[in-house]
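In what follows, a structure is listed as structure tokens, so that the remarks can point back to it.
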Amino acid sequence: MARTKTKHKKRRVNPKKGKSAPKRSSIVPAALFLLLTAGLVGLLYLTVGRHFPGRSPLPNKKSQAIGRPDSRQHRDTSVKSKKEGPQPPKTKINPALGQATNLIIYRLSSDFSQLVKTSLKINKTLSRRKKVQRIIAFLSIPVKDRPAALAPRTKLRSVSFKKPLIILDISADIRNNLINSGAQDEILTIACLTNSLLKNFPDYNLLQILIDGKKCRTLAGHIDISRPLGYQTGVAIKYD
């Protein structure tokens, strides 16, 4: 009887040990769940960071700043340039070009009684020959009521400068306006030509006139032009 009781005797179970067993079994899945959740969150953060450069790490921001200009800064500069308007292109200007000077020209008055002092604006860089050409051309054209001092077809053949002398060779067309004219017309014609040339070249005070390359006695039979002529002071001059 004693053995039977011993066999069927129930084992006492410690209530504390029985409750702790299920707790240990539930910790492992919870830890695994937390680890998986953290891994997913980290993977999601990295994926989202790649698609949004503003949330990328600091090295990506630096590389972006170096590789491309800031769009905000670009917009600011474009707006500023629109407000200021288009800027003119910068060009290099030679200060010698475009500077003007005046030639002093003595023309005939409308009543053929005196000379009229006028000015002609030209480029300062013109050569001496070009200046002489301008003087002769200007004296060959009538202006308003003032007649031309030289005939319209008068041409410059050559000019040379040998201090203190200017040697001027012009065509024989200068005589066309002096046919059947008196001494006064011839004097005024010579004075217009001589004074205009000597006034614009102050380093020279004598003018030798040649007609078709030759020295001539007169233009119309009155005034000797075979010798060098100086500035004509005996002719009345008024200012324009």
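Read-outs throughout are calculated quantities, based only on the coordinates presented, and are distinct from any laboratory measurement. Since we're looking at a predicted model, the values are computed, not measured. All Cβ positions, glycine included, derive from the backbone under ideal geometry; neighbour counts span all protein chains shown.
Do any trypsin sites (Lys or Arg not before Pro) in the stretch 125-154 lie in a loop, going by DSSP, with at most 14 other beta-carbon atoms within 10 Å of their beta carbon, and if so which?
Answer in residue order: 144, 153.
Counting other Cβ atoms within 10 Å, which trypsin sites (Lys or Arg not before Pro) in the stretch 173-238 have at most 10 and lie in a DSSP loop? Present the calculation step by step, with values, prior to reporting the outcome.
Details: sites: 175, 199, 214, 215, 217, 238; in loops: 217.
Passing sites in the stretch 173-238 are 217.
Roughly how many nanometres apart are two label points built 7 Å out from the Cα toward the Cβ at residue 161 and residue 226?
Calculated label separation equals 3.0 nm.
Please list the non-local residues whose amide H lies under 5 Å from the amide H of residue 108, H modeled 1.01 Å from N, same-chain partners needing a gap of 5 or more.
Those qualifying (amide H under 5 Å, at least 5 residues apart or on another chain) are 116, 149.
For the cross-link pairs 199/238; 144/199; 130/238; 121/199; 117/199; 162/199, which exceed 18 Å when the distance is taken from alpha carbon to alpha carbon?
144/199; 130/238
Would you mind estimating how fast the stretch 100-239 diffuses translationally, via Stokes-Einstein at 25 °C and 0.890 mPa s with the Kirkwood radius over Cα pairs, in µm²/s?
Estimated diffusion coefficient is 164 µm²/s.
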